[in-house]
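Read the structure below first, then the notes.
The values are calculated or read from the model by the stated rules, or taken from the named source; none is laboratory data. Small disclaimer: the values here were computed from a predicted structure and weren't measured. Ideal geometry is used to build each Cβ from the backbone, glycine not excepted, and the neighbour counts take in all protein chains shown.
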Amino acid sequence: MQGFGSYEETYRDFDWQKAREMVGYREGEVLNIGWYCTDRICEMGLGEKTAMIWEGFSGETEKYTFNDLRINSNTYAAYLKSLGIKERDRVCIFMDKLPDLYFSFLGILKIGAIAQPLFSAFGEEALFTRMEDAESIAILTTKKYYRKVRRIKDQLPALKHIIVVDDENVKLEEREKTFILKNAEKVDEFDVFPTHSESPSVLHYTSGTTGKPKGALHVHGSIFAQSVSARWALDLREDDIYWCTADPGWVTGTSYGIIGPWSLGVTQVIYNGGFGSEKWYKILEKYGVTVWYTAPTAIRLLMKDGTGLVKQHDLSKLRYMCSVGEPLNPEAVHWGREAFGMPFYDTYWQTETGAIVISNFPGMEVKAGSMGRAFPGIEAVVLDLNSHEVINEPNKVGLIALKPGWPSMMREYWNNEEVYKSKFINGWYITGDRSSIDPEGYFWFVGRDDDVINTGGHLVGPFEIESALIEHEAVAEAAAIGKPDPVNMEVVKAFVALKPGYEVSDDLELSIMNFIRKRLSPLAMPQEIEFMEKLPKTRSGKIMRRLLRAQEWGEEIGDTSTLED
Ligand code: PRX
């Protein structure tokens, strides 16, 4: 694949047709991500190359070649097909970062079905909302999590198969089954479903300000953008050992934890464990990681433990480090230089964009605090907040907008055409983020244009939290906002008015926090609850979340003329 020359030249000479050629695709041909990341890599003579080095949280390791990836994904594909699952059916994956997650993801794509990854820490309610909306037909899970599904399955009539993949001895109830890859007859040849570049592939749910989470639907053609950006923005080359720390329950973990790197035949390290500075440096050292893709919250935690700890490890193989998900503080870029001898390269994108759209590139000057410049093939501008005219003037803050047409852009929000349409104004896709742009085309992130909470790089919708809060027996009214946090950028803070007969107490506060953690996820759990007599509302009765947020951040409150007396 063509290398990255100077930014200006590459940007000028590139169009998406070139990306198709770079990945060897001819118009009208079958295009299937599952096949492309496995069979095709084997056809290129890389079948015996290591695709996945996996380490579990207690230190156990497993290794798989691209040929293993091919056969194991075939085996999953054949099994799912034998259940009658077919093209466009939604199949959820709900497990930790186990090898089966990766095999099944590719297997689902091979039968033309839609892979719907769900974050394993989701509670029942978060799970239910996403599976009900998608009318998912099957869910692949493990003994650790299947009970969560069992508790909601009666309310999910479309769900036909609950498949436990790591324990044959589960006492099965109706609709439940087990499938243990190591005991299954391996499938060497599988007729991949003839998907093409516009066939649906992956469905990722993402949170908005109002309403339930929305399912951003991607297509197999997304691989063109994911592959080129993995090459150019993450600087991946054939002999790299690459570690993406993201979970495939979130889009980074699929676009750059599966599709981008494997489409290039790159070896990936997958660590199925949590964060720990010492542990992470050990992983980098032990496997000789050369390219590392992580997030600002993790970088801030590493910074806390100091440069000394970095220096105690041999990280001489590491040559490129990238970041995504939240604003990367200038200090983190400087610290990268000091501790590792190189900066962190920031990248910006969204679930909806499917691939990196603004980025720093190897060889390009990194301006600490900036997200970088538009990816080749992407027209990115700043629009005036009100008129939606292009402003592109230094220090003028507006909305980041993108000209639609790149291959990995979502094709729809599942079942939600209205909200999908509302994202486009005057022919621009509105990202919902605010930024300015400098004369050299570098974007300087300012914040979100809505109330979505970004905690540790994960978006959490206030509406989803508020809906869950008022299901608690003691809660009459509730609002959720993001509150500044030195490590996670934001954490959830809830404002709650209690029902008559309930008294504020530490126990009650804990009970509400735990209620949210269990129903939604640890990310959505409020770190603080402020109890109020009643919440500020507009005259029409809508809770003024904006006002609570402004108070918390010490910002101008703005127009309060619609506020209830
Ligand atoms: O607000 C921006 C923030 O994360 C949002 C997208 O989140 P999600 O769809 O979950 O995808 C995350 C991984 C791609 C954006 O709208 N965001 C993402 N990258 C950056 C960022 N904010 C500042 N700087 C970034 N580099």
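Details
- Remark: S316 matches the filter, which requires a residue to be part of a loop (DSSP other than H, G, I, E, B), away from the ligand (no atom under 16 Å from the Cβ), of a type in the set (S, T, N, Q) and out of contact with any helix residue (DSSP H, G or I) (no Cβ under 7 Å at 6 or more places or on another chain).
- Evaluating P376 against the criteria (1) more than 9 Å from the ligand (Cβ to nearest atom); (2) within 27 Å of G257 (Cβ to Cβ); (3) part of a strand (DSSP E or B); (4) not small (G, A, S) leaves one unmet condition, (3).
- Only listed residue being polar (S, T, N, Q) and either in a loop (DSSP other than H, G, I, E, B) or surrounded by fewer than 21 Cβ atoms within 10 Å (Cβ to Cβ) (or both), chosen from S104, S73, S58: S58
- Residue in segment 415-427 that is farther than 23 Å from K534 by Cα, assigned to a strand (DSSP E or B) and within 15 Å of the ligand (Cβ to nearest atom) present: no
- Failed item, numbered, when A401 is tested on (1) among the small types (G, A, S); (2) over 20 Å from V324 (Cβ atoms); (3) at pLDDT 95 or above: (2)
- Looking across segment 107-141, the residues that are assigned to a loop (DSSP other than H, G, I, E, B) and either over 15 Å from the mean Cα position of the chain (by Cα) or free of Cβ contacts under 8 Å to residues at least 24 places away in the same chain (or both) come down to I111, G112, A113, G123, E135, S136, I137.
- Any hit, segment 292-313, residues being touching a residue at least 12 places away in the same chain (Cβ under 8 Å), touching a strand residue (DSSP E or B) at 6+ places or on another chain (Cβ under 9 Å), in the same structural domain as T252 (by TED's automatic domain parsing) and among the acidic types (D, E): no
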